[in-house]
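Working notes, structure below.
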Amino acid sequence: DTNSRFHQLFKNCPQCGKKLLHDENNVSCEACSETWYNNPAPATSIALIKDGKILLAKRKVEPEKGKWDILGGFVEAGESIEDAVIREMKEETNLDVEITEYLGSVADIYGGKPSLPILYKVKMADENQTPNPQDDVEELAWFSTSEIPKNLAFKNVEVIIEKIKKDLV
């Protein structure tokens, strides 16, 4: 449970070192009057579909190293979710893409911490591009509905695949 892990990690105030007061979803310091919340980190989950198949990435790093994942990643400070979609696709596949559809969001867990993947469908800016594994991606592969691997990394991968199944062969 992410709340118990959050409370285990935050025992003392990072500013003054005093013992923190624990509430259900936050910790606070009486001395500094600061409060820290157990908020999920916003992330992107990106479905790229071509010829009835979705592009998935085999993870090169932990957590869930070696499992199949949707493309995407965490939003950086000062960045919009849409900018993160474009950046993450470039970083992971070297593809230039355009957002075509917002598919919703899902509460998830990444490395034991709460995350909030925001789901998008994209298309390649130029259909002649070829995806190449970059960054933390070991391998990229296209999958039809019947070929989707069983060893998926996170809940959001299953959710986004379910949402775009109508587009797959």
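FYI, it's all coordinate maths here, none of it is from the lab. Note that the structure is a prediction, hence the values are computed from the model and not measured. FYI the Cβ positions are ideal-geometry reconstructions off the backbone, even for glycines, and counts take in every protein chain you see.
Can you classify the range 122-169 as rounded, prolate or oblate using the Cα gyration tensor, where a ≥ b ≥ c are the square roots of its eigenvalues, rounded means a/c under 1.5, and otherwise it's prolate if a/b beats b/c and oblate if not? Oblate is the answer for the range 122-169, as a/c is 1.5 or above yet b/c matches or exceeds a/b. Contact order for the chain, expressed relative to its length and based on alpha carbon pairs under 8 Å spaced 6+ residues apart, stands at 25 percent. Loop-only GluC sites (Glu not before Pro) in the range 113-142, please: DSSP not H, G, I, E or B, and at most 15 other Cβ atoms within 10 Å. In loop regions of the range 113-142 (DSSP not H, G, I, E or B), the sparsely surrounded GluC sites (Glu not before Pro) are 127. Would any residue of the range 112-135 have its amide N under 20 Å from a label point 7 Å out along Cα→Cβ of residue 50? List them or say none. 120-135, by backbone N distance to the label point. The helix-based estimate of mean residue ellipticity at 222 nm for the chain, built from -39,500 (n - 2.57) per DSSP H run of four or more residues and divided by its residue count, is -5500 deg cm²/dmol to the nearest 500. In this simple spin-label approximation, residue 162 and residue 82 carry label points 7 Å from Cα along the Cα→Cβ vector, and these lie 2.8 nm apart.
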